[in-house]
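Just so you know, all these numbers are worked out from the coordinates, no wet-lab data involved. Everything numeric here is computed off the predicted structure, so don't read it as measured data. Neighbour counts are summed over all protein chains in view; Cβ atoms, including those assigned to glycine, are modelled from backbone coordinates with ideal geometry.
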Amino acid sequence: MEELSQKALLQNLKDAGCGKELIRKFMELPESREGEQINLLTAHREKLLQKIHKEERQITCLDYLIYQIKHRKA
């Protein structure tokens, strides 16, 4: 697999929503510490998933509220 250039890697980390501190930690790790790089990215991925699940629950609550309002007996 073709290696990412530093510029492309940095942009990909930004596009993935990584903050400055995570990017700094990631960029300071040498490629030989691939496992630690993967751990950092996996932890960030988990945070993003938790956020998505929280927002899905909020949407479900809103959908229920909308349903209740539309179907309340007048």
(request) Round to the nearest 10 and give me the degree value, 0 to 90, for the angle of helix 6-15's Cα axis relative to the longest principal axis of the chain. (result) 10
(message) For the chain, take the longest principal axis of its alpha carbons; what is the angle in degrees between that and the long axis of helix 34-70, to the nearest 10 within 0 to 90?
(response) 10
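D for the chain, whole µm²/s, Stokes-Einstein with Kirkwood Rh over alpha-carbon pairs at 20 °C and 1.002 mPa s: what number? Don't skip to the end; give the middle numbers.
Numbers: Rh = 15.2 Å.
For the chosen part, D equals 141 µm²/s.
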(request) Could you tally the net charge around ARG24, taking each other residue with its Cβ under 14 Å from the Cβ of ARG24, Lys/Arg +1 and Asp/Glu -1? (result) 0
(request) Could you tell me the number of lysine pairs in the chain with C-alpha atoms less than 20 Å from each other, where the two lysines are 8 or more residues apart or belong to different chains? (result) 8
